[in-house]
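Beneath this line is the structure, given in structure tokens, with notes to follow.
The values are calculated or read from the model by the stated rules, or taken from the named source; none is laboratory data. What you are looking at is a predicted structure, and each value in this text was computed from that prediction instead of being measured. Here the Cβ positions follow ideal geometry from the backbone for every residue, glycine too, while neighbour counts run over all protein chains shown.
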Amino acid sequence: MRPLWAATGVLEGLLLYNSGGRLIARSACGPLRGGIGLNIRKDFWINILLILALVVLALVVFWSVKQSRLSSQAGSGGNCSITTFGAVGNGTMLNTAAIQKAIDYCHEHGGGVVRVPAGTFLTGTIVLKSNVMLHVQKGAEILGSRNLGNYIKVDPFIDGDGQPFGYCLIGADHATHIGIEGRGIIDGNGYGFTGNRPFLIRFAACSGVQVHDVALRQSAAWGLNLYQSLNVHISHIHIYSHANYNNDGIDIDSSQMVFISHCHINSEDDSICMKTTTQMACAHIYVSHCTLQSLCAAFKFGSESRGTFTDIHCTDCKFINCRLGGIKIMSVDGGHINNVRLDHIQMTNVDVPIFIRLGGRLATFHPDQKPLKPGAITNVVIRNVTATVAPESRLLFPTGIVISGYPQHSIGHVALENISMTLSGGGTADDEQVHVPERINAFPDIDMFSLYFPSYGMFARYVKSIYMENVHFTLTHPDLRPVVVCEHVGIIHWQNSPAPVFLQPKPTSEDTAPSAGNS
């Protein structure tokens, strides 16, 4: 209340002296704050000054009361509710400015929690600031605007399909210690967007990120996107995203120390996808106890793959109804993939449960990037997997495992242990003779080569070494193709697994020798 006392002091001074400096009146009850009992000379200018002073006093009092009320509603530090700043949860009023004011207030007062109470709050892009946690309470919904003009870009880029991206509903750029939590819903309202489609959440160059418990719904593009971010913890979130296309669940781009656990993702596109649109590594990624359902892939590397992928772990997860692959490990833009571990994975109705591809597309995604030399894939271990291959496959006849490099760029070491797959069969003896094209520059996917492969269990080519132990394939209908076919594979060791058929003689040293970008 210091401004109030200062204003009343100024007013008292104006009332005690006239324009000539002569004392003309004094309160009979003491200072002005005790009451005004002044005998004021009816002087025109003094009356004007008196009126102005009263107006100033009224404004100061109003401001002081408003700030006091705001502070009491906000709570200690920067804790506050978005309704304190004018947000209305009626589902129709645009609340972008009000929510942003709450976030800014919290950030400027040392950080804390911004509460979203029950109601439906329509908004465009809101940007989290350092030390701010957005708490979406049960019964609360943050609903994205259908007007692209209400969105802003957070560090825009071009994706692997050549689409411009960067718009988002909730964003942050170079922020630390931020997060989203609560039992409420964040809905992108993504129906009908074309061209520049906003992500649901995009955190660029952030650290100390927490995302827990919230339900993420119906993005116009990707769901939760992490770009060049560090130390990220995501748990117990539910994602359902089928409002548009390219509706990925979680995309991890050039980010490190990312921990994802106990999440349920049902997405139109890939459920969890790791990317490197820059040469900053995607490293130390740990995914566990998640259920992933997708019209595309469950757990994928690429297709944007300029940088290194290393120390990637996925354990104790379920993949359900994935039409374009379960595990997809792909480097096609110059990135090196190394030290990948997947363990205790259960797949149901998944097309091509394991797909590993080294290619030479060599695309760029940000301004001033130049194509790199081809990359490499090595030290991949996949164990303790059960899989039922989808009866309605993108392929004419399904195959369980596909591993393919290309001439002069062989994949390194792959280990497959304790794997059991059930397939629907359908291939004929003549299908063993199918020619599988290289398609070195193509967008990588399970149907990029052919409508079917010459084997139903595993097809591998241009691989330096494969270790197979307790790998089994079961058919529900006859298939006359061989179980395992290898082409230009250097060393293959199998134990309690089907013996491979080599389509061509064992490759020469030239075929398996390291070359540019291959290590």
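Worth pointing out:
- Residue check for GLY375: under 28 Å from the mean Cα position of the chain (by Cα) and buried (at least 24 other Cβ atoms within 10 Å of the Cβ): yes
- Filter result for LYS300 (under 18 Å from the mean Cα position of the chain (by Cα) and either β-branched (Val, Ile, Thr) or in a strand (DSSP E or B) (or both)): yes
- Looking only at residues of the range 72-87 that are out of contact with any Ser or Thr (no Cβ under 9 Å at 6 or more places or on another chain) and within 14 Å of VAL132 (Cβ to Cβ), we find that the one that is modelled with the lowest pLDDT is GLY77.
- If you go through the range 140-158 and keep only what is of a type outside the set (Gly, Ala, Ser), assigned to a strand (DSSP E or B) and touching a residue at least 40 places away in the same chain (Cβ under 8 Å), you end up with GLU141, ILE142, LEU143, VAL154, ASP155, PHE157, ILE158.
- In the condition set (1) over 17 Å from the mean Cα position of the chain (by Cα); (2) assigned to a strand (DSSP E or B); (3) within 17 Å of ALA215 (Cβ to Cβ), VAL114 is compliant with all but (3).
- Checked against (1) part of a loop (DSSP other than H, G, I, E, B); (2) over 19 Å from the mean Cα position of the chain (by Cα), ILE320 passes all but condition (1).
- For the range 159-189, a residue qualifies if it is more than 30 Å from ASP333 (Cα to Cα), of a type in the set (Gly, Ala, Ser) and not in a strand (DSSP E or B), and the qualifying residues are GLY182, GLY184, GLY188.
- Candidate set from the range 92-136 (those that are over 19 Å from GLY182 (Cα atoms) and among the small types (Gly, Ala, Ser)); member that is surrounded by the most Cβ atoms within 10 Å (Cβ to Cβ): GLY124
- Contact map, the range 159-185: first residue not assigned by TED's automatic domain parsing to the domain that holds ASP248, second residue in a strand (DSSP E or B) and of a type in the set (A, V, I, L, M), Cβ cut-off under 8 Å, separation 6 or more or different chains; the map is empty.
- Members of the range 475-501 found to be surrounded by 19 or more Cβ atoms within 10 Å (Cβ to Cβ), of a type in the set (Val, Ile, Thr) and assigned to a strand (DSSP E or B), listed by number: VAL484, VAL485, VAL489, ILE492
- Put simply, of TYR191, TYR245, TYR240 the only residue that is at pLDDT below 95, of a type in the set (Ser, Thr, Tyr) and under 25 Å from ASN147 (Cα atoms) is TYR245.
- Against the criterion of being under 20 Å from ILE186 (Cα atoms) and touching a Phe, Trp or Tyr at 6+ places or on another chain (Cβ under 6 Å), ASN246 does not qualify.
- Qualifying residue in the range 257-273 (condition: closer than 23 Å to PRO198 by Cα, in contact with an Asp or Glu (Cβ under 7 Å, 6 or more places away or on another chain), assigned to a strand (DSSP E or B) and of a type in the set (D, E, K, R)): no
- Only one of ILE446, ILE419, ILE377, ILE403 that is closer than 25 Å to THR315 by Cβ and assigned to a loop (DSSP other than H, G, I, E, B): ILE446
- Of all the listed residues (THR364, THR348, THR310), the sole one being farther than 30 Å from TYR452 by Cβ, among the β-branched types (Val, Ile, Thr) and in the same structural domain as GLU438 (by TED's automatic domain parsing) is THR364.
- Restricted to the range 240-284, and to residues there that are of a type in the set (Val, Ile, Thr) and in contact (Cβ under 8 Å) with a residue 60 or more places away in the chain, the residue that is nearest to CYS322 (Cα to Cα) is THR277.
- Number of the exception - GLY326 against (1) outside the structural domain of MET421 (by TED's automatic domain parsing); (2) at pLDDT 95 or above; (3) of a type in the set (Gly, Ala, Ser): (1)
- Close pairs from the range 341-356: first in contact (Cβ under 8 Å) with a residue 24 or more places away in the chain and of a type in the set (D, E, K, R), partner in a strand (DSSP E or B) and buried (at least 24 other Cβ atoms within 10 Å of the Cβ), Cβ under 7 Å, at least 6 apart: ASP351/CYS322; ASP351/VAL389
- Here the range 298-321 is the region considered, the condition is being touching a residue at least 40 places away in the same chain (Cβ under 8 Å) and farther than 22 Å from SER235 by Cβ, and the residue that is surrounded by the fewest Cβ atoms within 10 Å (Cβ to Cβ) is ASN321.
For (1) within 18 Å of PHE459 (Cβ to Cβ); (2) in contact with a helix residue (DSSP H, G or I) (Cβ under 7 Å, 6 or more places away or on another chain), each residue gets a yes or a no:
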| residue | (1), (2) |
| --- | --- |
| VAL340 | no, no |
| GLN346 | no, no |
| HIS366 | no, no |
| PRO374 | no, no |
| VAL380 | yes, no |
| ALA387 | yes, no |
| PHE397 | yes, yes |
| VAL414 | yes, no |
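- Taking each residue of the range 108-127 that is farther than 22 Å from ARG202 by Cα and touching a residue at least 24 places away in the same chain (Cβ under 8 Å) and looking for partners that are in a loop (DSSP other than H, G, I, E, B) and among the β-branched types (Val, Ile, Thr) with beta-carbon atoms closer than 9 Å, six or more apart or interchain, yields GLY119/VAL88.
- Screening GLU432 with (1) modelled with pLDDT under 95; (2) in a loop (DSSP other than H, G, I, E, B) gives one miss only, at (2).
- Condition met for ASP343 (surrounded by fewer than 24 Cβ atoms within 10 Å (Cβ to Cβ), of a type outside the set (A, V, I, L, M), at pLDDT 95 or above and within 20 Å of the chain's Cα centre (by Cα)): no
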